[in-house]
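This report refers to the structure that appears directly beneath it.
Nothing in this text is a laboratory measurement; each read-out follows from the coordinates by a stated rule. Nothing here was measured: the structure is a model prediction, and the numbers come from that model. Glycine also receives a Cβ, built like all others from the backbone with ideal geometry; neighbour counts cover every protein chain displayed.
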Amino acid sequence: MALLPDRSALIEHLSTHSVKRGDFVLKSGRPTTWFLDSKQTACDPDGVVLMTDAALAVIPEDATAIGGITVGADPVAYGIAAVAATRGRRLRSFTIRKEAKDHGVQGRVAGALRPGDRVVVTEDTTSRGTTLADAIEVVREFGAEPVLVLALVDRGGTAARHCEAVGVPFVALTTAVDLGFDFDGGSEPAPA
């Protein structure tokens, strides 16, 4: 796998547009002094290009699809697939619903995923990796093969261990540490 390219512009975009400071409560119920709304980067045109540049450096050449659990994975997967197509790299994108539909196209997968695809499972921000583990399971049950898990930001520092335990490599394009915070999310930014 290739090394990540210079990510300074991506880190700067996340720091400027996605990091919020104040008093917040995380999904886990734990208080924190910072919050990461990485969709502010994943949904911004400049952010999408920066994210795609970093992602294409690490996505395996034989990958054929990209997606993950809605809503976090959606802008990452769709943005990377769209920009990659303009660069001659074809990745079909898809979404995994949080719950299966029982009408229309049934099941949890929506979009262009096909059985046999070699899949990049993605997420905007991961803290523990549990959503990623669920996505890996759904992709496998669908008949496709996860070949990489890709997060725009690793906030928690534990996702790699969870992914590797189920046999899928993990790459974070950026981390909480890159943004000046500890992995636990509870400290103030490191001094510049």
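Annotations for the structure displayed:
- Mean sequence separation of contacting Cα pairs (under 8 Å, at least six apart), scaled by the length of the stretch 1-121, corresponds to a relative contact order of 22 percent.
- Projecting the Cα atoms of Val83, Val48, Gly143 onto the charge dipole of the chain (Cβ charges, centred on the Cα centre) puts Gly143 farthest toward the positive pole.
- DSSP beta bridges in the chain [antiparallel fraction, %, rounded to 5]: 30 percent
- Computed extension length for Arg140-Lys20: 39.6 nm, one decimal, from 0.36 nm per residue of separation with the Cα-Cα distance subtracted.
- Most mobile listed residue (Phe94, Phe24, Phe170) in the chain, GNM with C-alpha springs under 10 Å: Phe24
- Estimated [θ] at 222 nm from DSSP helical runs (n ≥ 4, -39500 (n - 2.57)) normalised by residues in the chain, nearest 500: -9000 deg cm²/dmol
- The stretch 33-56 residues near the modelled Arg89 label - backbone nitrogen below 15 Å, point 7 Å along Cα→Cβ: 48-56
- Rounded to the nearest 20 debye, the dipole size of the stretch 25-178 about its Cα centre is 240 debye, using +1 on the Cβ of Lys and Arg and -1 on the Cβ of Asp and Glu.
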